[in-house]
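K.L.:
Encoded as C-alpha coordinates, here's the structure I'll be asking about.
The values are calculated or read from the model by the stated rules, or taken from the named source; none is laboratory data. No experiment lies behind these values; they were computed from the predicted model shown. When we count neighbours, we look across all protein chains shown, and the Cβ atoms used for this are built from the backbone with ideal geometry, even at glycine.
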Amino acid sequence: MPVQVSAIMIGVADLTRSKKFYGEGLGCAIEQDYPTFVKFNLGDGSSSLALYEREAAARDAGVSAEGSGFRGISFHYIVPSPAAVDEVMGAAIAAGGAAVKEAAATKWGYFGYFSDPDGYLWKVASSS
(Lines give C-alpha, C1' and ligand atoms only; values in the text may rest on other atoms or scores of the structure.)
Protein backbone atom coordinates (compact mmCIF):
# COMPACT_ATOMS: atom_id res chain seq x y z
CA MET A 1 0.00 0.00 0.00
CA PRO A 2 1.48 3.41 -0.93
CA VAL A 3 2.07 5.97 1.82
CA GLN A 4 -0.62 8.62 2.05
CA VAL A 5 -0.62 11.44 4.59
CA SER A 6 -4.23 11.98 5.58
CA ALA A 7 -3.55 14.22 8.59
CA ILE A 8 -0.68 16.11 10.14
CA MET A 9 -0.90 16.49 13.92
CA ILE A 10 1.20 18.94 15.89
CA GLY A 11 1.52 19.22 19.65
CA VAL A 12 0.82 22.73 20.94
CA ALA A 13 1.41 24.43 24.28
CA ASP A 14 -1.84 26.44 24.31
CA LEU A 15 -4.69 24.88 22.31
CA THR A 16 -6.89 27.99 22.51
CA ARG A 17 -4.12 30.25 21.17
CA SER A 18 -3.20 27.86 18.35
CA LYS A 19 -6.85 27.24 17.44
CA LYS A 20 -7.30 31.01 17.09
CA PHE A 21 -4.06 31.35 15.07
CA TYR A 22 -5.01 28.68 12.53
CA GLY A 23 -8.78 29.21 12.55
CA GLU A 24 -9.19 32.97 12.71
CA GLY A 25 -5.72 34.09 11.66
CA LEU A 26 -5.10 31.77 8.71
CA GLY A 27 -8.73 30.96 7.91
CA CYS A 28 -8.59 27.18 8.38
CA ALA A 29 -12.04 25.56 8.73
CA ILE A 30 -12.59 23.63 11.97
CA GLU A 31 -13.79 20.09 11.30
CA GLN A 32 -13.60 18.65 14.85
CA ASP A 33 -13.28 20.52 18.13
CA TYR A 34 -12.63 18.70 21.42
CA PRO A 35 -11.16 19.88 24.76
CA THR A 36 -7.59 18.71 23.95
CA PHE A 37 -7.80 18.27 20.15
CA VAL A 38 -8.86 20.34 17.13
CA LYS A 39 -8.88 19.19 13.50
CA PHE A 40 -8.94 21.58 10.54
CA ASN A 41 -10.11 20.78 7.03
CA LEU A 42 -7.61 22.45 4.71
CA GLY A 43 -9.61 21.79 1.55
CA ASP A 44 -9.59 19.38 -1.34
CA GLY A 45 -6.20 17.97 -2.23
CA SER A 46 -4.67 18.71 1.17
CA SER A 47 -4.10 16.67 4.30
CA SER A 48 -6.02 17.82 7.34
CA LEU A 49 -4.19 19.60 10.16
CA ALA A 50 -4.77 18.57 13.76
CA LEU A 51 -3.70 20.34 16.95
CA TYR A 52 -3.29 18.30 20.11
CA GLU A 53 -2.25 19.64 23.50
CA ARG A 54 1.47 18.86 23.64
CA GLU A 55 1.36 17.00 26.97
CA ALA A 56 -1.67 14.94 25.85
CA ALA A 57 -0.03 14.15 22.50
CA ALA A 58 3.15 12.99 24.26
CA ARG A 59 1.14 10.77 26.61
CA ASP A 60 -0.75 9.37 23.61
CA ALA A 61 2.54 8.38 21.94
CA GLY A 62 4.20 7.28 25.19
CA VAL A 63 7.10 9.76 24.91
CA SER A 64 8.41 12.83 26.76
CA ALA A 65 6.81 16.18 25.91
CA GLU A 66 10.18 17.97 26.16
CA GLY A 67 11.67 19.41 22.99
CA SER A 68 13.05 22.65 21.65
CA GLY A 69 14.86 24.18 18.71
CA PHE A 70 14.46 22.94 15.16
CA ARG A 71 12.15 19.97 15.18
CA GLY A 72 13.35 18.63 11.83
CA ILE A 73 10.11 19.56 10.05
CA SER A 74 8.63 22.49 8.21
CA PHE A 75 5.34 22.90 6.41
CA HIS A 76 5.34 24.28 2.88
CA TYR A 77 2.50 26.36 1.51
CA ILE A 78 2.70 27.04 -2.23
CA VAL A 79 0.67 30.02 -3.42
CA PRO A 80 0.15 31.43 -6.92
CA SER A 81 2.16 34.68 -6.70
CA PRO A 82 4.67 36.74 -4.74
CA ALA A 83 1.78 39.01 -3.66
CA ALA A 84 0.03 35.96 -2.19
CA VAL A 85 3.24 35.06 -0.30
CA ASP A 86 3.25 38.53 1.25
CA GLU A 87 -0.47 38.23 2.06
CA VAL A 88 -0.07 34.89 3.85
CA MET A 89 3.04 36.07 5.71
CA GLY A 90 1.21 39.22 6.82
CA ALA A 91 -1.86 37.27 7.98
CA ALA A 92 0.30 34.83 9.95
CA ILE A 93 2.21 37.62 11.71
CA ALA A 94 -0.98 39.58 12.44
CA ALA A 95 -2.48 36.40 13.96
CA GLY A 96 0.39 35.97 16.42
CA GLY A 97 3.00 34.15 14.35
CA ALA A 98 6.55 35.42 13.92
CA ALA A 99 8.54 36.27 10.82
CA VAL A 100 11.50 33.90 10.70
CA LYS A 101 12.82 34.80 7.25
CA GLU A 102 11.34 37.77 5.43
CA ALA A 103 9.92 36.94 2.00
CA ALA A 104 12.37 37.76 -0.79
CA ALA A 105 13.24 36.84 -4.34
CA THR A 106 15.97 34.20 -4.68
CA LYS A 107 17.25 32.14 -7.57
CA TRP A 108 14.74 29.46 -6.45
CA GLY A 109 11.78 31.83 -6.45
CA TYR A 110 10.01 34.14 -4.01
CA PHE A 111 9.51 32.78 -0.50
CA GLY A 112 9.67 33.46 3.23
CA TYR A 113 9.26 31.61 6.52
CA PHE A 114 7.05 32.27 9.51
CA SER A 115 6.54 30.31 12.71
CA ASP A 116 3.27 29.59 14.43
CA PRO A 117 2.85 30.36 18.16
CA ASP A 118 4.58 27.06 19.06
CA GLY A 119 7.58 27.64 16.80
CA TYR A 120 6.57 25.32 13.94
CA LEU A 121 8.05 26.60 10.70
CA TRP A 122 6.00 27.37 7.62
CA LYS A 123 7.61 28.19 4.28
CA VAL A 124 5.39 30.21 1.96
CA ALA A 125 6.53 30.20 -1.67
CA SER A 126 5.09 31.37 -4.95
CA SER A 127 4.53 28.94 -7.79
CA SER A 128 5.40 31.63 -10.33
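K.L.:
Can you pull out the residues in the stretch 1-16 that are assigned to a helix (DSSP H, G or I) and within 20 Å of I73 (Cβ to Cβ)?
P.N.:
L15
K.L.:
Separate question: For I10, which of the numbered conditions (1) surrounded by 17 or more Cβ atoms within 10 Å (Cβ to Cβ); (2) more than 15 Å from the chain's Cα centre (by Cα) fails to hold?
P.N.:
Here I10 meets the rest and fails (2).
K.L.:
Any residue at all in the stretch 81-95 that is surrounded by 13 or more Cβ atoms within 10 Å (Cβ to Cβ) and in a strand (DSSP E or B)?
P.N.:
no
K.L.:
Can you give me the number of residues within the stretch 96-128 that are in contact with a strand residue (DSSP E or B) (Cβ under 7 Å, 6 or more places away or on another chain), part of a strand (DSSP E or B) and not small (G, A, S)?
P.N.:
11
Per-residue answers, yes or no, for (1) in the same structural domain as E24 (by TED's automatic domain parsing); (2) under 14 Å from the mean Cα position of the chain (by Cα); (3) not β-branched (V, I, T):
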{"residue": "E55", "(1), (2), (3)": "yes, no, yes"}
{"residue": "E66", "(1), (2), (3)": "no, no, yes"}
{"residue": "V79", "(1), (2), (3)": "no, no, no"}
{"residue": "V85", "(1), (2), (3)": "no, no, no"}
{"residue": "A92", "(1), (2), (3)": "no, yes, yes"}
{"residue": "A95", "(1), (2), (3)": "no, yes, yes"}
{"residue": "K107", "(1), (2), (3)": "no, no, yes"}
{"residue": "S115", "(1), (2), (3)": "no, yes, yes"}
{"residue": "L121", "(1), (2), (3)": "no, yes, yes"}
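The rows are residues; the columns are (1) under 17 Å from D116 (Cα atoms); (2) in contact with a Phe, Trp or Tyr (Cβ under 9 Å, 6 or more places away or on another chain); (3) at pLDDT 85 or above.
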| residue | (1), (2), (3) |
| --- | --- |
| M9 | yes, yes, yes |
| K20 | yes, no, yes |
| V38 | yes, yes, yes |
| S47 | no, no, yes |
| P82 | no, yes, yes |
